[in-house]
Amino acid sequence: MGKEMKRTGNVAFAAVMWILGLLMVYPFVMMVAIGFRPAGLAYKPLFEPVAPILTNYKQVLFHKNFGDWYRNTVLTVSITIILRLLVTLSASYAFSRLRFRGSKVLMAVLMATLMIPGETTMVPRYLFFKQIHLLDTIWVIILPEVSEVFYLMLLTEFFRSVPEDFIEAAKIDGAGHLRILLTIFIPLSGPAIATAILFSFINIWNNFLDPYLFINTIGHQLITPALKFFQERGGANVPVQLAGATLAIFPVIVLFIFTQRYFVAGVSSSGIKG
Amino acid sequence: MRTHGSEERTAWLFVLPFVLMFALFKLYPMVYGFLVSFLNRNSMKRMADTTFVGLSNYAKVLSSPSFWSAFGRSLLFSVIYTVSIMVAGLLFAVLFNRKFPGRTVVRTFFYIPYVTNMIAVGIVFKYLLNPSKGPVNAIFRLFGKSGPLWLNSPRLALPCAALIGAWAALAFNIITILAALQDIPQDLYEVADIEGATFFQRLRHVILPSIMPALFMLLTITVINSFKNYTTIIGLTGGGPGTSSKVVSLQIYDDAFVYSKFSLASAEGVVYSLFIILCNKLLSGARSSWEKR
């Protein structure tokens, strides 16, 4: 009897969790599905069959700037990730493995700036980037993104966990720090580097505020702010907007589904160790 | 001694690229904003034509009713966002800590909103919450009622935006708390089982005390995130209807980029940053007094 009740309880629990899970993705299901409907039938209930059309998705895909937005975004994401890794890996090695005066103070200053949101510094950033003629290029996004403290903390933390024995052996062989970093630390840091790449990809792809503020020419824009432009000034109706939203988030969701493990590892380490 | 000096030099060479980029593109703009807030660059005039005006921008900000209204809305947004995401995060983390068929898939469903941007989320929620035709109010129409105006209601727009923002970011809190739950030693649960503890007794006496440090850390991060709300508001309400969801970040944007009052907007940014720093200090104070208890 008790066992039977426990079984029923488990089934009910699983059912409730599945319903809640489906509710979480319901907005995305609607986003994709309504994108296939003509504007006049956008608000008909989902279960009422409507012959799907491709015109909305085509309208977005064949917008004269759509290729530009995707290309700009992919370029920005790739260049940022490469520069960020170069700069952050070497700094993380120094913070985790080398002793130098001022390292604690430096780390404290870097971490203190983490709590200042980009929203509060948008004005001086705009004025400064304008002064150095960076506005309206992808570099206005890339260069400030290179040195992000979150990634420094992530990799420094990981490097600290590399056993000292590995390094001692290399030192006896006469290897310098650069060689130790390149031949020991980087090959050992696959998971941490994967996490850093994944987070970088997601964050830069979804970045709205910075490109919205600093990039004006529509052909130079990135995909997320372009979506806003498309929604407001592109005169797109609701199904076209939803088709645009689907196409803008598609790469991130696909990437996420296949790399969830690194994502979870990254969030857990950032959340607890701060 | 020689080797020590060389280690020091190497270390600085290794951190230099990061530190230089950081100083130029992150730290300098913060300092620059602080400086601009003491100037009278409140029109399209060039930097060279501006003069030092002391605290006059700060006086204007602190005596401006529109700033304080925006500040109040930001606070309300942050409170609703933080409370709902902390409670829901804890609840779902505890639920996900129990095995059930398809747990991995359902967990993925919960994490997907986190990796999508708030502009796309805004587009779909405006559709779902459309007052006259949307599927959510269709439920109300089923019962012959008209349903709330949601994002078009001056009273509901801001709370709705905060809740949708929390919905989108929920994954972060679930993952963090789940990681903390999995660190709880199994024998603590066994003791609770032997003593016949109910679910709520377990929560109070086993789960919460064990994950308290992680919860404090998470609360700090969540509060900081709650102030990063520009995209959420722009994606969902644009600050409207009227100014009913115009938070401080939108006020700063408008003052700078619509009215060209760069110095005034910088002062608003400094005041807002100081407030966020104060919140952090209070939270870390609460944390250390909890630890000493």
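For A:L110, the criteria (1) closer than 18 Å to B:L24 by Cβ; (2) in a loop (DSSP other than H, G, I, E, B); (3) not small (G, A, S) hold in every case but one, which is (2). The set of residues in region B:3-47 being among the aromatic types (F, W, Y) and in contact with a strand residue (DSSP E or B) (Cβ under 7 Å, 6 or more places away or on another chain) consists of B:F38 alone.
Residues checked against (1) part of a helix (DSSP H, G or I); (2) more than 14 Å from chain A (Cβ to nearest Cβ); (3) in contact with a Cys (Cβ under 8 Å, 6 or more places away or on another chain); (4) crowded, with 22+ Cβ neighbours inside 10 Å:
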residue: B:A179; (1), (2), (3), (4): yes, no, no, no
residue: B:I184; (1), (2), (3), (4): no, no, no, no
residue: B:E190; (1), (2), (3), (4): yes, yes, no, no
residue: B:Q201; (1), (2), (3), (4): yes, yes, no, no
residue: B:I207; (1), (2), (3), (4): yes, yes, no, yes
residue: B:I211; (1), (2), (3), (4): yes, no, no, yes
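Go through region A:225-260 and give me each residue that's in a helix (DSSP H, G or I), modelled with pLDDT under 85 and surrounded by fewer than 16 Cβ atoms within 10 Å (Cβ to Cβ). Passing the criteria: only A:E232.
Hey, can you tell me all the residues within region B:56-72 that are touching a Lys or Arg at 6+ places or on another chain (Cβ under 8 Å) and either surrounded by fewer than 17 Cβ atoms within 10 Å (Cβ to Cβ) or modelled with pLDDT under 90 (or both)? Steps first, please.
Here is the first cut: in region B:56-72, the residues touching a Lys or Arg at 6+ places or on another chain (Cβ under 8 Å) are B:69-70.
B:S69 - this is the single residue of region B:56-72 that is touching a Lys or Arg at 6+ places or on another chain (Cβ under 8 Å) and either surrounded by fewer than 17 Cβ atoms within 10 Å (Cβ to Cβ) or modelled with pLDDT under 90 (or both).
Among the candidates B:K228, B:K246, single out the residue that is within 15 Å of the chain's Cα centre (by Cα) and either of a type in the set (D, E, K, R) or assigned to a loop (DSSP other than H, G, I, E, B) (or both). Of B:K228, B:K246, the one residue that is within 15 Å of the chain's Cα centre (by Cα) and either of a type in the set (D, E, K, R) or assigned to a loop (DSSP other than H, G, I, E, B) (or both) is B:K228. Just one of the listed residues (B:V15, B:V87) is more than 21 Å from B:I276 (Cα to Cα) and either at pLDDT 95 or above or of a type in the set (S, T, N, Q) (or both), namely B:V87. Test A:V77 against the criterion of being in contact with a Ser or Thr (Cβ under 8 Å, 6 or more places away or on another chain), modelled with pLDDT of 90 or more and either closer than 30 Å to A:I167 by Cβ or buried (at least 18 other Cβ atoms within 10 Å of the Cβ) (or both), and give yes or no. The answer is yes for A:V77.
Screening the candidates B:I85, B:I119 for the property of being in contact with a helix residue (DSSP H, G or I) (Cβ under 8 Å, 6 or more places away or on another chain), in a helix (DSSP H, G or I) and within 10 Å of another protein chain (Cβ to nearest Cβ) yields one hit, B:I119.
Per the conditions (1) surrounded by 20 or more Cβ atoms within 10 Å (Cβ to Cβ); (2) over 30 Å from B:V206 (Cα atoms), the sole criterion not satisfied by B:G89 is (2).
Exactly one residue out of A:I215, A:I197 is over 17 Å from the mean Cα position of the chain (by Cα), touching a residue at least 60 places away in the same chain (Cβ under 8 Å) and more than 8 Å from chain B (Cβ to nearest Cβ): that is A:I215. When you check A:Y126 against the structure, is it of a type in the set (S, T, Y), in contact with a Ser or Thr (Cβ under 9 Å, 6 or more places away or on another chain) and in a helix (DSSP H, G or I), yes or no? So A:Y126 does not fit the description; no. Contact map, region B:233-244: residues that are within 11 Å of B:L156 (Cα to Cα) paired with residues that are of a type in the set (S, T, Y) and at pLDDT 90 or above, Cβ distance under 6 Å, separation 6+ or inter-chain. Pairs shown: B:T237/B:S245.
Per-residue answers, yes or no, for (1) within 22 Å of the chain's Cα centre (by Cα); (2) more than 10 Å from every other protein chain (Cβ to nearest Cβ):
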residue: B:N40; (1), (2): no, yes
residue: B:S43; (1), (2): no, yes
residue: B:S78; (1), (2): yes, yes
residue: B:F92; (1), (2): yes, no
residue: B:F110; (1), (2): yes, no
residue: B:V115; (1), (2): yes, no
residue: B:L128; (1), (2): no, no
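Determine whether region A:56-79 contains at least one residue that is under 19 Å from B:P17 (Cα atoms) and within 13 Å of chain B (Cβ to nearest Cβ). No, the conditions are met nowhere in region A:56-79.
Can you tell me which of B:G72, B:G33 is more than 30 Å from A:V16 (Cβ to Cβ), touching a Pro at 6+ places or on another chain (Cβ under 9 Å) and in a helix (DSSP H, G or I)?
Numbers: B:G72 fails: touching a Pro at 6+ places or on another chain (Cβ under 9 Å).
Matching residue, one of B:G72, B:G33: B:G33.
Only residues that are farther than 26 Å from A:M122 by Cα and either surrounded by 13 or more Cβ atoms within 10 Å (Cβ to Cβ) or of a type outside the set (D, E, K, R) (or both) were counted in region B:269-293, giving 7.
Among the residues making up region A:29-55, those that are in a helix (DSSP H, G or I) and either more than 12 Å from every other protein chain (Cβ to nearest Cβ) or in contact (Cβ under 8 Å) with a residue 24 or more places away in the chain (or both) are A:M30, A:M31, A:V32, A:I34, A:A39, A:T55.
Look at B:T82 and say whether it is within 30 Å of B:V206 (Cβ to Cβ) and not aliphatic (A, V, I, L, M). Even if it seems obvious, please write down each step before you answer.
Details: within 30 Å of B:V206 (Cβ to Cβ): yes; not aliphatic (A, V, I, L, M): yes.
Yes, satisfied.
Scanning region A:80-102 for residues that are more than 7 Å from chain B (Cβ to nearest Cβ), assigned to a helix (DSSP H, G or I) and without any contact (Cβ under 8 Å) to a residue 60 or more places away in the chain yields a count of 2. For region B:36-55, the criterion of being part of a helix (DSSP H, G or I), without any contact (Cβ under 8 Å) to a residue 40 or more places away in the chain, buried (at least 16 other Cβ atoms within 10 Å of the Cβ) and of a type outside the set (D, E) is met by no residue.
The values are calculated or read from the model by the stated rules, or taken from the named source; none is laboratory data. A quick note: this is a predicted structure, and the numbers were derived from the prediction, not measured. Positions of Cβ are generated from backbone atoms using ideal geometry, with glycine treated the same way; all protein chains shown enter the neighbour counts.
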